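Q: Take a look at the following structure, please.
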Amino acid sequence: MEAALEDIEFLALSPNRVEVLRLLADGRHTRRDLADETGASQATLGRILGDFEDRTWIRKDSGGYVATATGDLVAASFTDLLSSLDTERALRPIVDYLPTDAMDFDLRHLADATITTPTGTRPNAPVQRVLDLLDDAEEVRVFSHAFNEQSLTVVQDHTAAGDQTFRGVFSRSAIEALADESGLRERLLDLLGTDDVELRVCSDEIPLAVTVADDVVHLLVRDENGILRASIDTDDPAVREWADEALARYWKAADPLSRDDFSA
């Protein structure tokens, strides 16, 4: 363990070491190639290459250098570590609010996610992010504990125009909240009468607010008091698979919603 930590420290103390090892794991490079790619001096490269050869992470090959099998292993593992730490730093401000019990995927799949948080000048930025995604999507699928007026407006406009399909399953409380307001109730009824729209109601509360807009999965993040803290969206295939499977489960457990349900 101590020797491994020493090697981690050895790499971590020099961005040039990390970059040279990554480049050599990708294929053969001459010292000139490495200098051009990293901007390191020949003296610095000489020390790095010598240290790597001492550890048998690289070998000379046809006038250049290439990573050995163990060098490839170290390069891949260190790259994974850096990616995980980058993801952790991005999620750190909102980790206390993430519904990780319901997010059945490795958080490393959020490495390239877009995280939107409220600001003093844009307190509604996370909601606006999902509205922008809705506005550009041809296919929208949702499972959520909420269906707000802004999302309803965008979906209603696009489905009425025939340029969007919508399939959503909502907690009963979300539908009841719309039905309690006469204006929103009428708009919900109009949506239910639109082609390419299917809605279902889940008796159990849905703990998430997830929108799949074409290939992008968007998640609203709230704290225990219901205050909006952030939104996360990504087109990572693993997150998309999780969203597809979760939607299928909620859809199967829910009841179809129609205009007749509001006739009483």
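Q: Return the only residue of ASP26, ASP7, ASP36 being of a type outside the set (Ser, Thr, Tyr) and more than 20 Å from SER83 (Cβ to Cβ). Please lay out each step first, then the result.
A: Details: ASP26 fails: more than 20 Å from SER83 (Cβ to Cβ); ASP7 fails: more than 20 Å from SER83 (Cβ to Cβ).
Checking each option against the conditions leaves just ASP36.
Q: Taking into account only those residues within the stretch 90-107 that are among the acidic types (Asp, Glu) and under 13 Å from the mean Cα position of the chain (by Cα), which is surrounded by the fewest Cβ atoms within 10 Å (Cβ to Cβ)? Reasoning before the result, please.
A: Start the filter on the stretch 90-107 by keeping residues that are among the acidic types (Asp, Glu), which leaves 96, 101, 104, 106.
Restricting the remaining residues to those that are under 13 Å from the mean Cα position of the chain (by Cα) gives 104, 106.
On the way: ASP104: 10, ASP106: 14.
By that ranking, first place goes to ASP104.
Q: Kindly indicate the residue of the stretch 52-89 that is of a type in the set (A, V, I, L, M) and buried (at least 17 other Cβ atoms within 10 Å of the Cβ) and also nearest to the chain's Cα centre (by Cα) among those meeting that condition.
A: ALA75
Q: Being in contact with a Pro (Cβ under 9 Å, 6 or more places away or on another chain), of a type in the set (Ser, Thr, Tyr) and outside the structural domain of ARG108 (by TED's automatic domain parsing) is the requirement here; does THR38 meet it?
A: Values: in contact with a Pro (Cβ under 9 Å, 6 or more places away or on another chain): yes; of a type in the set (Ser, Thr, Tyr): yes; outside the structural domain of ARG108 (by TED's automatic domain parsing): yes.
Here the answer is yes, as THR38 does meet what is asked.
Q: Also, quick follow-up: From the list ILE206, ILE175, pick out the single residue that is assigned by TED's automatic domain parsing to the domain that holds PRO256, within 21 Å of the chain's Cα centre (by Cα) and within 25 Å of PRO99 (Cα to Cα).
A: Checking each option against the conditions leaves just ILE206.
Q: Still on this structure: Taking the condition of being surrounded by fewer than 17 Cβ atoms within 10 Å (Cβ to Cβ) and aliphatic (A, V, I, L, M), how many residues in the stretch 7-51 meet it?
A: 5
Q: Only one of ASP135, ASP96, ASP104 is closer than 30 Å to SER203 by Cβ and touching a helix residue (DSSP H, G or I) at 6+ places or on another chain (Cβ under 6 Å). Can you tell me which? Please lay out each step first, then the result.
A: Details: ASP135 fails: closer than 30 Å to SER203 by Cβ; ASP96 fails: touching a helix residue (DSSP H, G or I) at 6+ places or on another chain (Cβ under 6 Å).
Just a single option satisfies the conditions, and that option is ASP104.
Q: Inside the stretch 113-123, can you point out the residues that are buried (at least 19 other Cβ atoms within 10 Å of the Cβ) and among the hydrophobic types (A, V, I, L, M, F, W, C)?
A: At the first step, the residues of the stretch 113-123 found to be buried (at least 19 other Cβ atoms within 10 Å of the Cβ) are 113, 116.
Result: ALA113, single match.
Q: Taking the conditions exactly as written (exposed (fewer than 15 other Cβ atoms within 10 Å of the Cβ) and either of a type in the set (Ser, Thr, Tyr) or in contact (Cβ under 8 Å) with a residue 40 or more places away in the chain (or both)), does LEU110 satisfy them or not? Lay out the reasoning, then the answer.
A: Values: exposed (fewer than 15 other Cβ atoms within 10 Å of the Cβ): no; either of a type in the set (Ser, Thr, Tyr) or in contact (Cβ under 8 Å) with a residue 40 or more places away in the chain (or both): yes.
The answer is no for LEU110.
The values are calculated or read from the model by the stated rules, or taken from the named source; none is laboratory data. Keep in mind it's a predicted model, so treat the numbers as computed, not measured. Using ideal geometry, Cβ is built from the backbone for each residue, glycine included, and neighbour counts are taken over all protein chains shown.
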